[in-house]
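Remarks on the structure that follows.
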There are 2 protein chains.
Amino acid sequence: MKGVFYGVGVGPGDPELITLKGYRVLREADVICSPKSRAEKEGIALSIVRSLLDIKQKVLELTFPMTNDKVELELYWDKAVRQILSLLKEGKKVAFITLGDPSLYSTYTYVLKKIKQAGSYPVETIPGVASFCACAAAANIPLAEGDEKLAIIPAVKDLDPLRLVLQNFENVVLMKIARNYPAVVKILAELGLKDQAIYASRCGMPDGFLKAGLPTLPEEMEELEEVQKDYLSLIIVKRSNYV
Amino acid sequence: MKGVFYGVGVGPGDPELITLKGYRVLREADVICSPKSRAEKEGIALSIVRSLLDIKQKVLELTFPMTNDKVELELYWDKAVRQILSLLKEGKKVAFITLGDPSLYSTYTYVLKKIKQAGSYPVETIPGVASFCACAAAANIPLAEGDEKLAIIPAVKDLDPLRLVLQNFENVVLMKIARNYPAVVKILAELGLKDQAIYASRCGMPDGFLKAGLPTLPEEMEELEEVQKDYLSLIIVKRSNYV
């Protein structure tokens, strides 16, 4: 038996939004790898899996610090890859779980690259429902229609390119919006797009939050004060004025 | 009993890529609405559902012609909405199935708008795995990492904006690429991005096709001659040179 490495997207939060394939692969896996930040007690993806499965498999928790320090991250990726390769060598089916879709802004892709480089173990990525698809669905709005373009922008550091994107794309998703929420809302207000936006946080989770139209700073945004701090938050901007 | 209208994304082609929720909603539905083009014998989404379920529910086939003529389309949307509303009035659970994710370039969103306008029936959209997520997964590559942006561009008519997007986005997905494939490949070649692209057609279906690097026109593209004609084809361009 040769080991196999799987990346499994468990979806955006609601356990029922995992695919049949992801669910099957998790049931058949020997080991479930669960990424988590240093601060977390348990990874969110693992808690989703727990509510689906009575986990009898070995769980390998892999810590990845929330940092942009590439040198530090490399150390953690390498350590995770060594542990995974050792399991693959034993012939184990190893499933690395990840929130949303594994190909979108996931630690999985860094680990995958190193697993591919390291050896000849087969790898299979099981796609998942992306967070922005789930948020649009929860709001019953289209993300993009007909000839419209869609831009996905992660936690923006340099806000200048954002203006250009907002002016040229009919639909924009701003991911991981917590850190720079006030600055982004200011730009949206300047461009007259504040009321054509939806704010979503932890969409599909029990404490999920969804709001059409963004409150003006600072008076109206009390309600958002808490939720906007969440890492799993995004804004969908629709220039077509659908919201 | 009040009728409920569901939009169910059945995923990109592989029947196992439907969500647990989508699968449950389809089993519990009274009527399954299946969109199809005039040319199709049966919609692709319905054939995916057939391979999952022994369909005992009523199937309502809804024809939407492949045209950009808004006036003609309105007639077909209105006809579909009338039929759906009549079922909702009877208290039926009506599930409108759609390939991939319902919020992305789906006829569902036009029908949804009119259902919402027409009455007070509850609607629920069940998100699905987007085709581009499935293609990236099949190729075991990331769609976007870290601070990278991702642009989703549908069947491009005006190719000028495409150059700008390709120069400013680290990752670009070109959807429904069949019609203008040669022109798009020419632009990619000019920008030196031809070898950093993946071409995928009917990803996850039995006749699916995936190829890293785009053949130069016209000598090397014989293999693509057939597949490129397919409506369900896309190109993923990665400027980070990952492919």
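Listed values, structure above:
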quantity: Backbone HN-Hα couplings from phi across segment B:26-38 [Karplus 6.51/-1.76/1.60, Hz, Gly and Pro as x]; calculated: 5, 5, 8, 6, 8, 9, 10, 8, 10, x, 8, 7, 4
quantity: Calculated [θ] (222 nm, deg cm²/dmol) that DSSP helices of n ≥ 4 give over chain A, each run adding -39,500 (n - 2.57); calculated: -10000 deg cm²/dmol
quantity: Shape of the protein assembly as shown, Cα gyration tensor, a/c cut at 1.5; calculated: rounded
quantity: Partner chain coverage, peptide A:149-158 - average Cβ within 10 angstrom; calculated: 6
quantity: Other copies of residue B:67: label-to-label distances in nm, shortest first, labels 7 Å along the beta-carbon direction; calculated: 6.2
quantity: Vicinal HN-Hα couplings computed from phi for segment A:167-173 (Karplus, 6.51 cos²θ - 1.76 cosθ + 1.60; Hz; Gly/Pro x); calculated: 7, 10, 10, 5, 9, 9, 10
quantity: Separation of the residue A:27 and residue A:167 label points, Cα + 7 Å toward Cβ, nm; calculated: 5.4 nm
quantity: For residue B:100, residues with placed amide H under 5 Å, excluding near neighbours; calculated: B:10, B:11, B:13
quantity: Cβ crowding within 10 Å averaged over residues, with B:191-197, B:155-161, B:126-132 ranked highest first; calculated: B:126-132, B:191-197, B:155-161
quantity: Sorted by Cβ density within 10 Å, fewest first, the residues B:202, A:50; calculated: A:50, B:202
quantity: Choice from B:68, B:171, B:180 with maximal GNM fluctuation in chain B (Cα, 10 Å cutoff); calculated: B:68
quantity: Rounded if a/c under 1.5, otherwise prolate or oblate - segment B:1-86, Cα gyration tensor axes; calculated: oblate
quantity: Label 7 Å beyond Cα on the Cβ vector: residue A:190 copy-to-copy distances, nm; calculated: 3.2
quantity: Table column - 3J(HN,Hα) (Hz), segment B:55-62, Karplus curve with 6.51, -1.76, 1.60, x for Gly and Pro; calculated: 6, 9, 5, 5, 10, 9, 7, 10
quantity: Label point 7 Å beyond Cα along the C-beta direction, distances from residue A:42 to other copies (nm, shortest first); calculated: 4.2
quantity: Which of B:72, A:40 has the fewest Cβ neighbours within 10 Å, and the rest in rising order; calculated: B:72, A:40
quantity: Prolate/oblate/rounded label for segment B:140-190 (Cα gyration tensor, a/c 1.5); calculated: prolate
quantity: Shielding by partners, peptide B:108-116 (average Cβ within 10 angstrom, other chains); calculated: 3
quantity: Quotient of Cα Rg and 2.2 N^0.38 Å for chain A, N being how many residues it contains; calculated: 1.08
quantity: Among B:136, B:35, B:196 the positive-end extreme of the charge dipole of chain B (Cβ point charges); calculated: B:35
quantity: Positive-pole candidate from B:235, A:178, B:118, dipole of the protein assembly as shown, charges at beta carbon; calculated: B:118
quantity: Shielding of A:10-20 by partner chains, average beta-carbon count, 10 Å; calculated: 5
quantity: Point-charge dipole on Cβ atoms (K/R +1, D/E -1) for segment B:1-153, about Cα centre, debye to 20; calculated: 760 debye
quantity: Sequence of B:4, B:185 once ranked by neighbouring C-beta atoms within 10 Å, starting from the fewest; calculated: B:4, B:185
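Every read-out reported here was derived from the displayed coordinates using simple, explicitly stated rules and does not represent laboratory data. Because the structure is predicted, anything quoted here is derived from the model rather than measured. Glycine gets a Cβ as well: all are built from the backbone with ideal geometry, and neighbour counts include every protein chain shown.
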